[in-house]
Amino acid sequence: MLSRIFLATALACLIFFCAPSALAQPPAANQMPSVIQVPAEAQASPHFDATAATNAYLAQIRADKTARSDAYFEGGYWLILWDFLYGAAIALLLLNLRWSARLRDLAERVTRFKLVHTFVYWLQCLVLTSVLIFPLTVYEGYFREHKYGLATQTFGPWMGDQLKGLGVNLMLGGVLVIMLFGVARRLPRTWWIWGAVVTILFSTFTVLIGPVYLWPIFNKVTRLDDPKIVGPILSMARANGIPAQDVYEIDASRQSTRMSANVSGFANTMRITLNDNLLRRGSPEEIQAVMGHEMGHYVMNHIYKGILFDSIETVLMFACLYFGLGWALKRWGEKWQIRGVGDTAVVPLVALLALIFGFVTTPVDNSWTRTQEYEADMYGLNASRQPDGFAQAAIHLGEYRKMNPGPVEEFIFFDHPSGRNRIYAAMRWKAENLKLSAGH
Ligand SMILES: [Zn+2]
């Protein structure tokens, strides 16, 4: 959510000066073992058994590491709830104390020119909510990440990133809010349809410009030129009909110890990016397995399908907004001093309804993403033919994901298959391919 990234000024300065000393001795990273040697049970043999091989891989992880990454990931379940409740409380505060109406009055005093008025309201509302949300943001994004050894930034640079995020939200969010209120004021009956259309086009636009214009605000993105790494990746790309010329690297280690890679953009801006944690700690087999997975996203058009899915969700959300706003404003509009859907003071109510929508659809979103990730896993195994590199990658990702959840837990909370399921899929692939090669 937009509200996640942005951050405050006043409180920030306060904490800015007391925090760094507390973290002079940051906790060590929860590094998972790099399994260079394939465990005996997972080595090719006539008695190869996928389940035994999976268990052998999982047995490489020390119990205390598992406990720590489970605690981190399970804490994330609760954060979904706390984020929702905290955000809802702030929205209700802004409405019931009529702060939102007051911000609107203030903005109207600055200017009668609607467009500028909307932007001024947005600026005030964004800064105020950022300050109010700051305690949760700093716990979630800074202290908790450090506690689990996932963060690499000291407080100053972290705060700098938060302020940059606030700036991005101010500008991009400002443009979107101006367009949406333009629609709501001109089309009182059909605004929800056109509002959804504007939102879809706008978010597609940000997906398009993200890798080229937004990421460099926070990280350095460079073209990878080590032929030992780029050669095999581009070869795999050609074999899979992907017209890639370059592979990119992002210095994610600036913020985090997480290993990751992704496919982003579309048409001419579509590109594959590896983060430097993966490049530094991943074996060549592991990097190839991950690249095969990313190419799966590419070949199976997951970005386009994602945009389509988001579009359907956006239309549904705007339909809910249409009814939700109508219902709530009829009841409490006067009390909150909101004149209608074209009044900027309505923003916290919109945020509240969007929060409810997002909370309810969390398992749907996760299952949609997880399904695509599973597809990319299958594609990646076939493209890279590196089941052991794949298992290694799953173990490394276990530094921030629970390896072995229950099926219901995985369905609700996991946006990727769990580590156990990913390793098992790799070992199943290996078992069946051993049979194939034995048949010759
Ligand atoms: Zn993926």
Response to the item:
Computed for the chain: size of charge dipole around the Cα centre, +1 on C-beta of each Lys and Arg, -1 on C-beta of each Asp and Glu, debye to nearest 20, value 1380
Worksheet entry | Of the DSSP H helices in the chain, those whose Cα atoms cover at least 30 Å axially and whose Kyte score averages 0.0 or more | 63-96, 114-138, 302-336
Practice prompt. Go through 108-117, 361-370 and give me the packing order, highest mean Cβ count within 10 Å leading.
Written response: 361-370, 108-117
Worksheet, complete the sentence: Protection proxy (average C-beta count within 10 Å per residue), highest first, orders 376-383, 74-81, 419-426 as 419-426, 376-383, 74-81
Worksheet, complete the sentence: Gyration tensor on Cα atoms of the chain, a ≥ b ≥ c root eigenvalues, a/c under 1.5 rounded, else prolate if a/b beats b/c, else oblate, says prolate
Item to complete: Work out how much length T371 to K164 would gain on full extension: take 0.36 nm times their residue separation and subtract the Cα-Cα distance, in nm to one decimal.
Response: 71.2 nm
Response to the item:
Taking only the alpha-carbon positions of segment 111-261 as identical scatterers, the Debye log10 I(q)/I(0) at q = 0.08, 0.10, 0.16 Å⁻¹ comes out as -0.38, -0.57, -1.06
Practice prompt. At a Cα cut-off below 20 Å, give the lysines reachable from K220, other chains included and same-chain residues fewer than 8 away excluded.
Written response: K164
Worksheet item: With charges set only on the Cβ (+1 for Lys and Arg, -1 for Asp and Glu), what does the dipole of segment 64-103 come to about its Cα centre, in debye to the nearest 20?
Response: 320
Worksheet entry | Over 20 Å [Cα-Cα, segment 255-370], rounded percent | 61
Worksheet item: According to the Cα gyration tensor, what semi-axes, each the square root of 5 times an eigenvalue, does the equivalent ellipsoid of segment 105-149 have, listed from largest to smallest in whole Å?
Response: 35, 8, 4
Practice prompt. Mind giving me the nanometre distance, one decimal, between the label points for S437 and R254, set 7 Å out from Cα along Cα→Cβ?
Written response: 4.2
Worksheet item: For the chain, with the dipole built from +1 on Lys and Arg beta-carbon atoms and -1 on Asp and Glu ones, taken about the Cα centre, which of S418, V360, S235 lies farthest toward the positive end?
Response: V360
Worksheet entry | Helical contribution to [θ] at 222 nm, DSSP H n ≥ 4, -39,500 (n - 2.57), averaged over the chain, rounded to 500 | -21500 deg cm²/dmol
Item to complete: Mind checking which of M317, N382, V346 is farthest towards the positive end of the chain's charge dipole, using Cβ charges of +1 (Lys, Arg) and -1 (Asp, Glu) about the Cα centre?
Response: V346
Worksheet item: If you stretched the chain out fully between A59 and I217, how much longer would it get, using 0.36 nm times the residue separation minus the C-alpha to C-alpha distance?
Response: 52.8 nm
Discussion item. When 1/r is averaged over all different Cα pairs and the result inverted, which Kirkwood radius in Å belongs to segment 35-191?
Written reply: 20.3
Worksheet entry | Assigned charges on the beta-carbon of Lys, Arg, Asp, Glu; segment 351-422 dipole about Cα centre (debye) | 120
Practice prompt. Report the far tail of the P(r) of segment 62-118, meaning the percent of Cα-Cα pairs longer than 12 Å.
Written response: 75
Worksheet item: Given T206, F181, S256, which one lies farthest toward the positive end of the charge dipole of segment 159-257, if we put +1 on the Cβ of every Lys and Arg and -1 on the Cβ of every Asp and Glu?
Response: F181
Worksheet entry | Two-site label geometry, R185 and L201: point separation in nm, points 7 Å out along Cα→Cβ | 1.9
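Taken together, the values in this text are just the output of simple stated rules run on the coordinates, not laboratory data. Note that the structure is predicted; figures quoted are calculated from it, not measured. In this analysis, Cβ positions are derived from the backbone assuming ideal geometry, glycine residues included, and neighbour counts consider all displayed protein chains.
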